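**Student:** Let me begin by handing over the structure; questions about it come next.
Read the figures in this text as sums done on the coordinates, not as results from a lab. None of the values given here were measured: they were computed from a predicted structure. Here Cβ is always computed from backbone atoms with ideal geometry, including for glycine, and neighbour counts include all displayed protein chains.
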Amino acid sequence: MAYHDAANFPGQDLRKFTALDDIIRNDYGGSETQTQQGVDKYFAKAQLQNYAAYQSAIGSIGIQMWDNSTGMLLWKSNSSWPSLVWQLYDWYQQAHAGYYAAQKSFAPFSVQMNRATGEVFVVNANNQSLGEVLVSVDVYDASMNQKWKTVRGINIPSATSVNTGVMVPEAEKLVLVKLTVKDLDENLLADNIYWIHPENDFTKLSVFPSPELKTDLKELGNDSGKYEVSVDNEGHSIALLIQMKLVDSRSGHEILPALWSDNFVTLLPNEKGFYQVELPRGGYEGPVKLMIETGISKKVN
């Protein structure tokens, strides 16, 4: 492990692991116990911070397309040795939450919020216009009560960032902001999720009730290594950044590398998502099971 990954060397340097640890402890509550459950919760909080950091960094560039930016170079995608920081996927080829935040923010078509101002943007990096789309913004409190909602029709030209004119109200306490873009036939084109607090107090995120999830795993073809996963949130609690894994049903170990269409996903109550995953063809033989990690509890089908 590199010295700068975890050592608390002198001076102010945000690359230090201790700087990240301070953020997790101050904003998300840190480790609650020294048991295995406490460690697991700490990791889940680190993934929340990981997701928000990459989402904000990349989004802040995308919404300035052609005015102040023409692209972004991200350093770096992974470490050349086992490491605790500064990577989207690790030495063992497991993608972290930040990988999927980057994937969503770098997508050719996305919807994003400026955290500093609350403005909502649609970013279209394609060379084709989309015509009119429907932009929805839903704001929920920590109990999943809807506090604010708006829907606006916007024309989206090609290769541009569009300020929708929607501004999310300033939060007085913890809120969740769900952004969606659909075409006029109600087909989902893009979505995003943000958690906002005026003083960055996100401790309540870790005490959300566990979601009630119904899952299904279906292999796409014989020995193709490709699977489709469906996750249905049938309960009243949000499923926030749930991680899907394909594991060996005998050992329980995750099968890596696994290429997911999306992961660390968020589902509101009564939302259902469909995802694809591909394992190395010919690289794994054996029974496969789906594991869902919510940060608090685990469910295996």
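**Student:** If I histogram all Cα-Cα distances within the range 221-267 using bins 5 Å wide from 0, what percent of pairs lands in each bin?
**Tutor:** Once binned at 5 Å, the Cα pair distances of the range 221-267 give 5, 15, 23, 24, 18, 11, 4, 1.
**Student:** Another question, then. Students often check this: by mean Cβ neighbours within 10 Å, which of 229-242, 106-119, 205-218 ranks highest, and how do the rest follow?
**Tutor:** Output ranking for 229-242, 106-119, 205-218: 229-242, 106-119, 205-218.
**Student:** Given the convex hull of the Cα atoms of the chain, what is a quarter of its surface area in nm²?
**Tutor:** For the chain, averaging the hull's shadow over all directions gives 17.2 nm².
**Student:** Could I ask something else about it? Once you've got the Cα coordinates, tell me which of K149/K245; K41/K182; K76/K182; K41/K149; K16/K45; K45/K76 are over 28 Å apart. Please list the in-between numbers first.
**Tutor:** Working: K149/K245 33 Å; K41/K182 34 Å; K76/K182 32 Å; K41/K149 31 Å; K16/K45 18 Å; K45/K76 22 Å.
Going by Cα-Cα distance, K149/K245; K41/K182; K76/K182; K41/K149 fall outside the 28 Å limit.
**Student:** So what's the net charge close to G153: Lys and Arg +1, Asp and Glu -1, counting the other residues with Cβ under 12 Å from its Cβ?
**Tutor:** 0
**Student:** Sticking with this structure for a sec: For the pair Q37 and Q93, how long in nm is the line joining their label points, each one 7 Å along Cα→Cβ?
**Tutor:** 3.5 nm
**Student:** Students often check this: by mean Cβ neighbours within 10 Å, which of 245-252, 56-63 ranks highest, and how do the rest follow? Let's see the in-between values first.
**Tutor:** Numbers: 245-252: 14.4, 56-63: 19.4.
Highest to lowest by the protection proxy: 56-63, 245-252.
**Student:** Run a plain Debye calculation on the range 37-89 (Cα atoms as equal point scatterers, no solvent) and give log10 I(q)/I(0) at q = 0.21, 0.24, 0.26 Å⁻¹, rounded to two decimals, same order as the q list.
**Tutor:** Debye output, listed in q order: -0.87, -0.98, -1.04.
**Student:** Using only the C-alpha atoms of the range 95-201, find the volume of their convex hull and express it per residue in Å³.
**Tutor:** 113 Å³
**Student:** How much mean residue ellipticity at 222 nm does the chain get from its helices, if each DSSP H run of length 4 or more adds -39500 (n - 2.57) and you divide by all residues, to the nearest 500 deg cm²/dmol?
**Tutor:** Taken over the chain, the calculation gives -5000 deg cm²/dmol.
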